[in-house]
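Undergrad: I have a structure I would like to understand better, so I am pasting it below and will then ask my questions one at a time.
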Amino acid sequence: MFKPLRIVPHGTNFPFVQNRTKAFIFSLALMLASLGALLVNGLNFGIDFRGGILMEVQTEGPADIPALRTELGALALGDVSIQEFGAEDEILIRIQRQDGAEAEQLAAVDTVKATLGEKVEYRRTEFVGPTVGQELIEAGLFAMLGALGAILIYIWFRFEWQFGVCALIALSHDVFSTFGLFALNGHEFNLPTVAAILTIAGYSINDTVVVFDRVRENFRKYKKMTLVDLFNLSVNETLSRTTMTSLTTLLALLAIYFFGGAVLADFALAMIWGVVIGTYSSVFIAVPLLLYLEPRRGDEEDEDGVPGVAAQGADGQKD
């Protein structure tokens, strides 16, 4: 008989909640660094948002991307990016929007075609105007705000408003730090990245809800335990599940990042960061913040048959 794999030993008691001050300082520094990166560098919006030309072409053999970058970079068309798209002979060419109207965009396409000649097959050419790009930015922003608002309402009704506030703070922490990561490394911020951020929000809140469920369960079981010890017990009891879920998800995302090609790299990078920071925030941010809002324990009887007492503060004193 094989023993089940346990990355985290049974009965662990790491002092997560006791180290909340260090975690809050780290998170504050991370938020300030993200804000600084956004103010200094800004986001490198892709063609989806800023407008431009997208061409999908197929070469006769494996594409020589460095040579193509050199050829197209000499055309004075502005920002030109080239990346593999699927097979080795399929590439995407992104060109920034040219000054002027439609005629100038068509002229840029003709210039590229004249440079590449007959050695490639042009499978798709698309134009994204600045108006559409602005609408996509607004739609992406509304989607993220709507998701955060819906999550707040869901947690509020499932638990209490204190849980909803803590979950929203942790989620905002995850999303904002992801913006900061993309502002810092200059990776392209596009629609797949927005999809990744929304996925991060869903993943993070799922992790947080698991811990919150255990907190609520322990509220009913341990009426006389201090909030610090109760929250720390809840985190440790769900730690094995949290670790296994995060590691298995990361294995898949790392495979996508390293072997999925440049098209999926930015999406995978956002997801990798989201899984790591989402797991961190569920353990070190969402649960410890409950100490300062002190949700009700309930009126059920405790393990000794004594009616439930009022919520205890972080020092174990009755309110």
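The values are calculated or read from the model by the stated rules, or taken from the named source; none is laboratory data. All figures in this text were calculated on a predicted structure; none of them were measured in a lab. All Cβ positions, even for glycine, are placed from backbone atoms using ideal geometry, and neighbour counts span all protein chains on display. Side chains are part of the model used for accessible areas, which takes the heavy atoms of the whole protein and leaves out ligands, DNA and RNA. Shrake-Rupley method; radii C 1.70, N 1.55, O 1.52, S 1.80 Å.
Undergrad: First measure r as the distance between the Cβ atoms of GLU88 and MET31, then evaluate 1/(1 + (r/R0)^6) with R0 = 45 Å and state the FRET efficiency to the nearest 0.05.
TA: Details: r = 41 Å, r/R0 = 0.92.
So the FRET efficiency works out to roughly 0.60.
Undergrad: I'd like the carbon and sulfur percentage of the solvent accessible area for the stretch 127-185, probe radius 1.4 Å, heavy atoms only, ligands and nucleic acids excluded. Display every interim value, and only then the final one.
TA: Values: 2240 of 2910 Å².
Here carbon and sulfur together make up 77 percent of the probe-accessible area.
Undergrad: Continuing with the same structure: Based on alpha-carbon centroids, what's the gap between the stretch 231-270 and the stretch 17-76 in Å, whole number please?
TA: Measuring centre to centre over Cα atoms gives 21 Å.
Undergrad: When you count, for each residue, the other Cβ atoms within 10 Å and take the mean per peptide, how do 28-34, 182-188, 264-270 rank with the highest first? Walk me through the numbers before you get to the answer.
TA: Working: 28-34: 14.3, 182-188: 17.7, 264-270: 20.0.
Highest to lowest by the protection proxy: 264-270, 182-188, 28-34.
Undergrad: For the stretch 32-86, run through the GluC sites (Glu not before Pro) and keep only the ones in DSSP coil with at most 10 other Cβ atoms within 10 Å of their Cβ.
TA: GLU60
Undergrad: Percent relative contact order of the chain, based on C-alpha pairs within less than 8 angstrom and at least six residues apart?
TA: Details: 460 pairs, mean separation 77.0, N = 319.
The normalised contact order for the chain reaches 24 percent.
Undergrad: Still on this model: What net charge do the residues around GLY260 carry, taking every other residue with its C-beta under 12 Å from that of GLY260, with Lys and Arg at +1 and Asp and Glu at -1?
TA: Details: positive: none; negative: GLU84, ASP266.
Every neighbour counted, the sum reads -2.
Undergrad: I've got another one for you. Work out the FRET efficiency for ARG158 and GLU138 from their Cβ-Cβ distance, taking R0 = 30 Å, and round it to the nearest 0.05. Intermediate values should be presented prior to the final figure.
TA: On the way: r = 30 Å, r/R0 = 1.01.
Once the sixth-power term is evaluated, E becomes 0.50.
Undergrad: Mean Kyte-Doolittle of at least 0.0 plus a Cα span of 18 Å or more along the axis: flag which DSSP H helices in the chain meet both, please.
TA: 20-40, 102-116, 130-158, 161-185, 191-221, 239-259, 262-281
Undergrad: Moving on to the next point. Which of the three applies to the stretch 127-281, rounded, prolate or oblate, going by the alpha-carbon gyration tensor with a ≥ b ≥ c and a/c under 1.5 meaning rounded?
TA: Details: a/c = 3.13, a/b = 1.70, b/c = 1.84.
Note, shape of the stretch 127-281 comes out oblate.
Undergrad: Given the alpha-carbon gyration tensor of the chain, what are the semi-axes of its equivalent ellipsoid in whole angstrom, ordered largest first, with each equal to the square root of 5 times an eigenvalue? Present the calculation step by step, with values, prior to reporting the outcome.
TA: On the way: eigenvalues 501, 87, 44 Å².
Sorted largest first and rounded, they come to 50, 21, 15 Å.
Undergrad: I'd like the FRET efficiency for ALA252 and ASP79, computed as 1/(1 + (r/R0)^6) with the beta carbon distance as r and R0 of 25 Å, rounded to 0.05. Don't skip to the answer; put the middle values down first.
TA: On the way: r = 32 Å, r/R0 = 1.27.
Between ALA252 and ASP79 the formula returns 0.20.
Undergrad: Another question about this same structure. What does the extension gain come out to for LEU38 and ASP110, with contour length at 0.36 nm per residue minus their alpha carbon separation? Could the numbers behind the result be given before it?
TA: On the way: separation 72, 0.36 × 72 = 25.92 nm, distance 3.59 nm.
Stretched out fully, the LEU38 to ASP110 stretch lengthens by 22.3 nm.
Undergrad: Nothing charged except the Cβ atoms of Lys and Arg (+1) and of Asp and Glu (-1): what's the magnitude of the dipole of the chain about its Cα centre? Round to the nearest 20 debye.
TA: On the way: 23 positive and 37 negative charges, 263 e Å.
Dipole magnitude for the chain comes out near 1260 debye.
Undergrad: How big is the Cα convex hull of the stretch 37-132 in projection, averaged over all directions, in nm²?
TA: Working: hull surface 28.3 nm².
It is 7.1 nm².
Undergrad: Note down the relative contact order for the stretch 179-286 as a percent, whole number, built from C-alpha pairs under 8 angstrom at least six residues apart.
TA: Values: 76 pairs, mean separation 44.3, N = 108.
In percent, rounded to a whole number, it is 41.
Undergrad: Provide the descending list of Cα extents for the stretch 31-71 along its principal axes, expressed in whole angstroms.
TA: 49, 21, 17
Undergrad: At 0.36 nm per residue, minus the direct Cα-Cα distance, what do GLU102 and GLU294 gain on full extension? Give it in nm, one decimal, please.
TA: Values: separation 192, 0.36 × 192 = 69.12 nm, distance 5.98 nm.
Result for the pair: 63.1 nm of gain on full extension.
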